[in-house]
Amino acid sequence: MATKRDYYEVLGVPKNASEDEIKKAYRKLAMKHHPDRNQGDSGSKDSEARFKEAKEAYEMLSEPEKRAAYDQFGHAGVDPNMRGPGGPGAEGFGGFAEAFGDIFGDIFGQQQRGGAAGARGGRQVYRGSDLSYAMEITLEEAAKGKDAQIRIPSWDECEICHGSGAKPGTQAKTCTTCHGAGVVQMRQGFFSVQQTCPQCRGTGKIIPEPCTTCHGQGKVKKQKTLEVRIPGGIDDGMRIRSAGNGEPGTNGGPPGDLFIEIRMKKHPIFERDGDDLHCVVPVSIARAALGGEIDVPTLDGKAAIDIPEGTQAGKQFRLRSKGIKGVRSSIAGDLYCHIAVETPVKLTEHQRKLLKELDESLKKGGAKHSPNEESWADKLKGFFNA
């Protein structure tokens with residue numbers, strides 16, 4: 001089975017794309033690849049597949065709950081068999097206009113899903129943009145979880161104009177282009193559609209003299225402290241969604257969301273691989289040759305492992321359940337200790353003499369002391385004599 005492409009890659013948008021950007025990207029792809037427009041073309045099958053792929057990506061990313069699950073867990077976080085009527089995988093595609101019903105719904109002023117946008121009091125209502133916050137945490141914090149405080153931008157009603165956006169002593173006027181409706185009628189080919197008024201940008205009002213404090217926005221930007229719970233087992237690149245803590249909506253629309261993206265600090269000892277941990281444990285030549293017990297670090301403290309006599313460099317020891325319990329795991333991963341036999345440096349003359357005597361003694365013993373070296377020598381002979 002072919003691996004599914006990333007939904008954001010399918011639509012050609014970044015992961016922090018707004019709803020409008022996702023909608024526009026889908027509309028462009030759907031217009032290009034819809035089967036009703038590619039009948040008889042040599043690439044009609046490819047267009048059909050791309051249309052299905054784009055529609056599935058749009059259905060997942062246009063629903064806040066599905067998008068949040070996908071952002072955090074990828075394709076595993078959403079049900080790949082979830083299809084609406086006429087969706088990808090359903091029989092047939094419906095008419096060309098049907099495929100764009102959810103897109104043209106906004107243009108004609110109909111209410112969007114969940115009341116996120118639409119028309120309120122004759123004006124277009126828009127959901128606020130999402131915000132992204134990068135949080136750097138340690139491996140220990142990721143393993144155990146933590147409660148954190150972050151400062152994010154927020155907006156309060158302007159105290160000078162009391163939210164009107166107009167300079168004190170003045171007031172906003174009805175837009176003369178849309179007559180307060182926030183939308184204007186536009187004709188595009190066979191369609192007569194409504195479009196956001198370019199003069200008032202959907203507010204239905206014009207402010208001749210904007211408030212000098214908020215510059216006509218009716219709100220001022222401030223900072224607020226937000227409590228965030230980082231779950232144990234979270235990994236680098238995962239995102240936590242804080243609903244409603246994004247930018248405020250326009251004309252009474254709902255606010256966007258805040259996405260906290262996790263960045264892991266480099267650890268001085270451990271490297272993480274999913275729920276498993278890896279570390280390099282240096283041992284002396286003598287300890288590797290003679291064997292013995294050594295202490296190794298874990299996230300819970302020290303642990304002892306027994307080094308067998310004659311341990312070679314690169315030998316791996318596994319400590320079960322000494323890794324990390326992932327956010328969706330019921331048991332912890334393992335810790336892998338990789339042995340690095342350390343060659344002594346800065347030897348004294350006496351130490352050099354001892355090592356030479358040891359080397360000569362080992363050579364007299366033949367291959368039983370250095371089986372890998374003897375095998376390597378035989379391989380070289382066979383290579384050069386071939």
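Please work out which residue is modelled with the highest pLDDT, limiting yourself to the range 192-203 and to residues that are within 18 Å of Gly128 (Cα to Cα) and open to solvent by less than 20 Å² (accessible area, probe 1.4 Å). Residue satisfying both the conditions and the ranking: Cys200. Here Tyr133 passes the criteria (1) among the aromatic types (Phe, Trp, Tyr); (2) crowded, with 17+ Cβ neighbours inside 10 Å; (3) modelled with pLDDT under 90 except the one numbered (3). Consider the range 278-288 and keep the residues that are assigned to a strand (DSSP E or B) and open to solvent by 60 Å² or more (accessible area, probe 1.4 Å). The one that is nearest to Tyr336 (Cα to Cα) is Val280.
Highlighted here are the strands (runs of 3 or more DSSP E) found entirely within the range 220-277 that include at least 1 residues which are in contact with a Phe, Trp or Tyr (Cβ under 9 Å, 6 or more places away or on another chain) and under 30 Å from Cys200 (Cα atoms): 258-264.
To keep it simple, each residue is scored yes or no on (1) more than 25 Å from Tyr133 (Cα to Cα); (2) of a type in the set (A, V, I, L, M).
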residue	(1), (2)
Pro255	no, no
Glu261	no, no
Met264	no, yes
Asp273	no, no
Val280	yes, yes
Val283	yes, yes
Val296	yes, yes
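Selection of the range 299-336 for residues being open to solvent by less than 90 Å² (accessible area, probe 1.4 Å) and closer than 16 Å to Gly233 by Cβ yields Leu299, Ser321, Lys322, Gly323, Ile324, Gly326, Val327, Ser329, Ala332, Gly333, Asp334, Leu335. Candidates in the range 204-234 are the residues that are open to solvent by 40 Å² or more (accessible area, probe 1.4 Å) and closer than 30 Å to Leu277 by Cα; of these, the one that is farthest from the chain's Cα centre (by Cα) is Glu227. Applying the condition of being of a type in the set (Gly, Ala, Ser), within 22 Å of Gly274 (Cβ to Cβ) and in a loop (DSSP other than H, G, I, E, B) to the range 289-327 and asking which residue is nearest to the chain's Cα centre (by Cα) yields Gly326.
State whether the residues of the range 337-350 include one that is charged (D, E, K, R), in a helix (DSSP H, G or I) and open to solvent by 100 Å² or more (accessible area, probe 1.4 Å). Yes, the range 337-350 contains at least one residue that is charged (D, E, K, R), in a helix (DSSP H, G or I) and open to solvent by 100 Å² or more (accessible area, probe 1.4 Å).
The values are calculated or read from the model by the stated rules, or taken from the named source; none is laboratory data. Values in this document were obtained by computation on a predicted structure and should not be read as measured data. Cβ coordinates were reconstructed from backbone atoms using ideal geometry, including for glycine residues, and neighbour counts include every protein chain displayed. Heads up: the accessible areas ignore ligands, DNA and RNA and are worked out on the full protein's heavy atoms, side chains in. Shrake-Rupley method; radii C 1.70, N 1.55, O 1.52, S 1.80 Å.
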